[in-house]
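Single-structure report; data block below.
No lab work stands behind these numbers, since they all come straight from the coordinates. Since the model is a prediction, treat every value here as computed from it, not as a measurement. Glycine gets a Cβ as well: all are built from the backbone with ideal geometry, and neighbour counts include every protein chain shown.
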Amino acid sequence: MSEFKIDVAVIGCGYWGKNLVRNFHEIGALKAVCDFDSTTAEKFAQQYEVQALSLQEILNANDIQAVVIAAPAAQHFNIAKQALEKGKHVFVEKPLSLSVKEGEELCEIAKQNDLILMVGHLLHYHSAYQSLKTLVEDGTLGDLRYIYSNRLNLGKVRREEDILWSFAPHDISMILDLMGEEPQNVDAKGGFYLSENIADVTTTHLTFSNNRKAHIFVSWLHPFKEQKLVVVGSKAMAVFIDGEPWNQKLQLYKHNIDITDETAAPLIDKADVEYVDVPESEPLKNECLHFLESINTKAQPITNGEEGLRVLKVLEASTSAIEKHNEQSKLLCA
């Protein structure tokens, strides 16, 4: 049994939802599953010996205190709103919704009803990212200068949302967290290769205070998988590569660049890579436990609704920039 004594229903048992089902079962909190494909729901219900319920049955069940939403992104707002209005705590996979207006409404309902609203920005619960954040906070990297991230793969191509909304929320979330503020300016460009209306590749550029910058490159039209976050500071540089073995996921480079002599070229003293010791754990299990703990203690989760809302603002601003650049390109080609 779960030490938190909280019964959870997982809504959506597909590509990612099945992992949430497994984790909440292993924790001992899984009460029911729901999927719009009843055959899928029945399969998981039998496998984990829980109930397969409809969405309405879950919303009306008094013995289910929390729901976990892993449905398609276009359905996040509607399901989350109904669950919050029924008095249930909500963990919704990224993105929180598909508009800032909807995200604000969810945050307000959660606040009014004193409920936990948490967004699935998974990498906050990755021990390598947590160690990276410590390097930033304890001054090991010095003053932050810029951050860039690559999240690249061949597929999974979606039709509900573009690559920006599908891949970039994780990176935006980490960058905003490390910078400690929202960007002052957002610009983005997209490439449309498989469809006229859905971007397959995007680059997003963020400008923060003190001329600090970040950029994000996401694509599902890439020959190989790469998930890399690079943080450059005045004293050192750190690289988080999730695809590496645990003992190499977080890399530290204490390069030194001497610019004291303004009349000469900067002197660069390259240092060998240092591998930061990172405890091995499953990020998704950490995230699931954090959700239950937040409900139990009534403390706001790390990736609460407000954090998800800040990410939505950057996503919306990026989409507007992409559309603007696209229109300008069409005019030039006309």
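In summary, no helical segment of the chain meets the span-like criteria, namely a full DSSP H run, a Cα extent along the axis of 27 angstrom or more and a mean Kyte-Doolittle hydropathy of at least 1.6. Put a plus charge on the Cβ of each Lys and Arg, a minus charge on the Cβ of each Asp and Glu, and nothing anywhere else: the dipole of the range 38-126 about its Cα centre is then about 140 debye. Placing +1 on the Cβ of every Lys and Arg and -1 on the Cβ of every Asp and Glu, with nothing else charged, gives the range 67-166 a dipole about its Cα centre of roughly 340 debye. How much mean residue ellipticity at 222 nm does the chain get from its helices, if each DSSP H run of length 4 or more adds -39500 (n - 2.57) and you divide by all residues, to the nearest 500 deg cm²/dmol? Helix-only estimate at 222 nm: -12000 deg cm²/dmol.
Look at the dipole of the chain built from charges on Cβ: of 241, 125, 315, the Cα furthest out on the positive end belongs to 315.
With neighbours defined as other Cβ atoms within 10 Å of a residue's Cβ, the residues 166, 173 order from fewest to most as 166, 173. In whole percents, the pair-distance distribution calculated for the range 186-255 from its alpha-carbon pairs, binned every 10 Å from zero, is 17, 35, 33, 13, 1. For the range 177-233, averaging the sequence separation of C-alpha pairs within contact (under 8 Å, six or more residues apart) and dividing by the residue count gives a relative contact order of 27 percent. Here residue 43 is the anchor, and the lysines within straight C-alpha reach of less than 16 Å, apart from those fewer than 8 places off in the same chain, are 18, 31.
Relative to the 2.2 N^0.38 Å rule of thumb, the chain has a C-alpha radius of gyration ratio of 1.06. Reported to the nearest whole Å, the Cα centre-to-centre distance from the range 19-57 to the range 161-206 is 32.
Note on the range 47-159: Kirkwood radius taken over Cα pairs, Stokes-Einstein applied at 25 °C and 0.890 mPa s, translational D equal to 146 µm² s⁻¹. Between residue 209 and residue 268, full extension at 0.36 nm per residue minus the direct alpha carbon distance yields a gain of 18.6 nm. You can think of it this way: the chain between residue 296 and residue 62 has 82.5 nm of extra reach, that is 0.36 nm per residue less the Cα-Cα gap. Please go through the residue pairs 133/156; 156/213; 228/324; 94/156 and name each one whose alpha carbons sit more than 19 Å apart in this structure. 133/156; 156/213; 228/324, as the Cα separations exceed 19 Å there.
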